[in-house]
1. Can you tell me how many residues within segment 279-289 are crowded, with 24+ Cβ neighbours inside 10 Å and closer than 12 Å to G232 by Cβ?
2. When the residues of segment 13-55 are filtered to those that are farther than 25 Å from L147 by Cβ and charged (D, E, K, R), which remaining residue is surrounded by the most Cβ atoms within 10 Å (Cβ to Cβ)?
3. I215 - would you say it is outside any helix (DSSP H, G or I) and touching a residue at least 24 places away in the same chain (Cβ under 8 Å)?
4. For segment 238-262, what are the residues that are outside any loop (DSSP other than H, G, I, E, B) and open to solvent by 20 Å² or more (accessible area, probe 1.4 Å)?
5. Scan segment 18-32 residue by residue and report those that are touching a Lys or Arg at 6+ places or on another chain (Cβ under 9 Å) and of a type in the set (A, V, I, L, M).
6. Taking R195, is it farther than 17 Å from L269 by Cβ, assigned by TED's automatic domain parsing to the domain that holds T270 and at pLDDT below 95?
7. Go through segment 111-200 and tell me which strands (runs of 3 or more DSSP E), entirely inside it, have 1 or more residues that are surrounded by 24 or more Cβ atoms within 10 Å (Cβ to Cβ), within 16 Å of the ligand (Cβ to nearest atom) and not β-branched (V, I, T).
8. Tally up the residues in segment 88-110 that are open to solvent by 10 Å² or more (accessible area, probe 1.4 Å) and assigned to a strand (DSSP E or B), please.
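The values are calculated or read from the model by the stated rules, or taken from the named source; none is laboratory data. Small disclaimer: the values here were computed from a predicted structure and weren't measured. Here the Cβ positions follow ideal geometry from the backbone for every residue, glycine too, while neighbour counts run over all protein chains shown. Side chains included, ligands, DNA and RNA excluded: accessible areas come from the protein's heavy atoms. Shrake-Rupley method; radii C 1.70, N 1.55, O 1.52, S 1.80 Å.
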Amino acid sequence: MEPHVGVGQTVAKIILFGEHSVVYGHPAIAMPLPTLRMTARAVPTDGPSTLTGLGWSGPLAQAPARFASIARAASVAASFAGHPDAGLNISTDAEFPPERGLGSSAAAAGAVIRAVLDAFDTPATREEIFSLTQEAETVAHGRPSGLDAVATSADAPVHFQAGVVTALDVVPDAWIIIADSGVEGSTRETVAHVRHRYDTDRAATTAALDRLGEITGEVVTALRARDAAAVGRRATEAHRLLAGLGVSNEQLDTLVAAAVRAGALGAKLTGGGRGGCVIALASSQKDAVRVEEAMLGAGASATWVHAPEPGQMAGEVAR
Ligand code: MEV
């Protein structure tokens, strides 16, 4: 069949628990956000590859370093499809900001890979797409755990440990408020920072990572018991531990404090940190609104609210 416009779609994700400690083999829980989509289109061309989207328009070969994983995604997918030298006009359309811990880089890589495979009518299994996404993500992160690649194409929350993914059979029995600090965080930098601590201050770093791992385990039990208050307490504890590892910053600490003061069950940074987003849990819609307002008042540039029941996602408030 002739090549045609290929389309690929993924979604944003939040890490509920386990960022950074997951890199050291501990468990993590992540949740896809089905209303925040990333769509990519790929059209084969005789000319050189181009990219339009995510703040860049021009030849892919000249795109700034932050697009290296997209370039890699296009090339690994084209090779997989048997067209290693194909030129591709790629465009992306994102409903959420990049560099905010919402999985933009894995979502973009995953969407581009799916679009290129679709353009060449090349079927691939979930596992094959996952390994292609990981190849692209390695350029962005160095040594990604794979959590983002899984969560940005999942249908439901996932439990992730040492590369093993299991669908989580429970969802948080709480409203989740996601607040963007408006500051870009670099996962590559924060992962490298924790690695440096691990190499130079092994005992304290291991203790913090171990406790973060334990917290994820305790949260799975609390989720099964529908004990949202216990989940919330663990969120605030996890934030303190992550801050102790040096991956928080003043804006994130301020948003967490504002959420807790406004009655959140707990709050923490999500994703790589030092920028990006904070998540807060609330036990009712009324509390969620109060927490959301408090975080906007404390400087959040945008918020999204995720209702406990599927299909009840509230709209985005951006400032
Ligand atoms: C980034 O979203 C999550 C980290 O744990 C890195 C990774 O899992 O590769 C910080």
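1. Of the residues in segment 279-289, the ones crowded, with 24+ Cβ neighbours inside 10 Å are 279-282, 288.
This time we only want the ones that are closer than 12 Å to G232 by Cβ, so: 279-282.
Looking only at that region, the number is 4.
2. Going through the qualifying residues, I end up with R41.
3. Details: outside any helix (DSSP H, G or I): no; touching a residue at least 24 places away in the same chain (Cβ under 8 Å): yes.
For I215, the condition - outside any helix (DSSP H, G or I) and touching a residue at least 24 places away in the same chain (Cβ under 8 Å) - is not met.
4. As a first pass, look at segment 238-262 and keep what is outside any loop (DSSP other than H, G, I, E, B): 238-244, 250-261.
Answer for segment 238-262, where residues must be outside any loop (DSSP other than H, G, I, E, B) and open to solvent by 20 Å² or more (accessible area, probe 1.4 Å): R240, L241, A243, G244, E250, Q251, D253, T254, A257, V260, R261.
5. V23, A30, M31
6. Values: farther than 17 Å from L269 by Cβ: yes; assigned by TED's automatic domain parsing to the domain that holds T270: yes; at pLDDT below 95: no.
Criteria not met by R195.
7. Because the criterion is at least 1 residues that are surrounded by 24 or more Cβ atoms within 10 Å (Cβ to Cβ), within 16 Å of the ligand (Cβ to nearest atom) and not β-branched (V, I, T), the strands (runs of 3 or more DSSP E) in segment 111-200 that meet it are 158-161, 175-180.
8. The number of residues fulfilling the criteria is 5.
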